[in-house]
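This report concerns only the one structure given below.
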Amino acid sequence: MQKNKRRVILIALLLAIPAVILFPRGGFLSEHLPSASQAIASRYVAENLQVYVATNFPFKSKLQEIGMDLRIAGGKREHNGTFIGEDVLVKNVQAPAPEIEEANTKAVSDFAEYARSIGRQVYFTLIPTASAITNTAVPSFADVFNQRLFIENVYGELAGKLVAIDTYLPLYTNRDQYMFYRTENNVTAYGGYHIYSALSKRMLGVDNPSYNAFDIDYVRDDYYGDLYAGSPDKDIRPDVLILFKYSRNPREYIVTHRDYTGVKTYHTLFPRHMVDIGRDMDVYLGGLSAQTDIISSSPNNRKLRLLLFGDKTALSYLPFLANHYQQITFLDLFHGDMAFENIYLEDYDQILMAYSVESYVAAGSVPSRVSIFNDR
């Protein structure tokens, strides 16, 4: 509705511009200047009209927004690598260079083979991004990377070396729900729930609890993320930050972050004070760091320890997985350089590698950095 109002205003303003300015031929120019001078004067007016309007015309910023609306209405729905939908922004993830995909897949394969040699099974999933799931923002004529085919091909290359877990289908099946943020390039808590459901069923053989097993806390409903900051369209609906707090059995958590800045500890999965200090997304686990350890005190948990290699998408599903493990160690190899001298694969019962397609195709040889671990 707001965009339509702006378009009407633009048309009215354009109609209000005197015709003598828009069409300098005729009138005073044709009567008092020779033809050569008329051409010069006409070109001068045309060249300076845009500068004059840009610097002096009322509602300059509004006109810029209206211009974007008209371009969207005319079919231009991508700006600086981001699709602009009616109420959502979606990053257009590009296909990888073949050598990057080959290097990453080989690194994962080598790591899985090493883990099996010491008696540890590796689980692996590639999480699709919004451009593969949120069709409402992607024009039908857009050149979009086929993530589903890419995921299937990678799984095929790794067949027999690890256990691949499909997280594409549960996200796509529930695509009409709030799976991805509208203004942030990440998965929401609802999307994290469906990722967690696929992981827990395959890794633990358990059916995930329903939403009724959680106290749902709406932290804020006016959040704007990284995509919004770079978008010329400011009419996108804000995001909602939602916390799923497991309430079926009482338990306590200790979340410890380690990186080059030191060690930080929280006694909750959701440190709400982060919102008060302007770090809204860090309400999930306290944010990202090179190493995050989550310990749950619940006596009902299996005495299992999970080692997870992942990226920022883990913030969406880790709070759910934490209810099934005694300890989870999450290593974000994208988060600066850090030596993990005290991490040994033998200390963990399960190993999970979970990357968004965007991280997997853009990170070069990052997954091969698992070679930083030394044998005992």
Distance cut-off 30 Å, Cα to Cα: go down the list 201/234; 264/303; 161/264 and report the pairs above it. 201/234; 161/264
With a bin width of 5 angstrom, please list the P(r) values of the range 94-372 as percents of all Cα-Cα pairs, from the 0 bin to the one holding the largest distance. 1, 5, 12, 17, 19, 18, 14, 9, 4, 1, 0
Run the quick spin-label model on residue 342 and residue 229: label points 7 Å from Cα toward the beta carbon, then report their separation in nm to one decimal. 3.3 nm
Going fewest to most other Cβ atoms within 10 Å around each Cβ, 109, 316, 289 line up as 109, 289, 316
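Ranked highest first by the average count of other Cβ atoms within 10 Å around their residues, in what order do 101-108, 280-287, 211-218, 239-246 fall? Show your work: numbers first, answer last.
Details: 101-108: 17.9, 280-287: 21.5, 211-218: 12.1, 239-246: 19.8.
Top to bottom by mean Cβ count within 10 Å: 280-287, 239-246, 101-108, 211-218.
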Centre separation in Å (Cα based) which lies between the range 188-234 and the range 254-268: 23 Å
Just subtract the alpha-carbon distance of residue 106 and residue 135 from 0.36 nm times their residue separation and send over the number in nm, one decimal. 7.3 nm
Between residue 174 and residue 78, what's the calculated FRET efficiency when r is the beta-carbon distance and R0 is 22 Å? Round to 0.05. 0.30
For 118, 127, 343, what ranking results if the residue with the fewest other Cβ atoms within 10 Å of its Cβ goes first? 118, 343, 127
Exposure proxy order (Cβ contacts within 10 Å, fewest to most) of 361, 90: 361, 90
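A short reminder: the numbers here are calculations on the coordinates, not readings from a lab. The structure presented is a predicted model; accordingly, all values stated were derived computationally and were not measured. Heads up, the Cβs are rebuilt from the backbone with ideal geometry, glycines too, and the neighbour counts pull from every protein chain shown.
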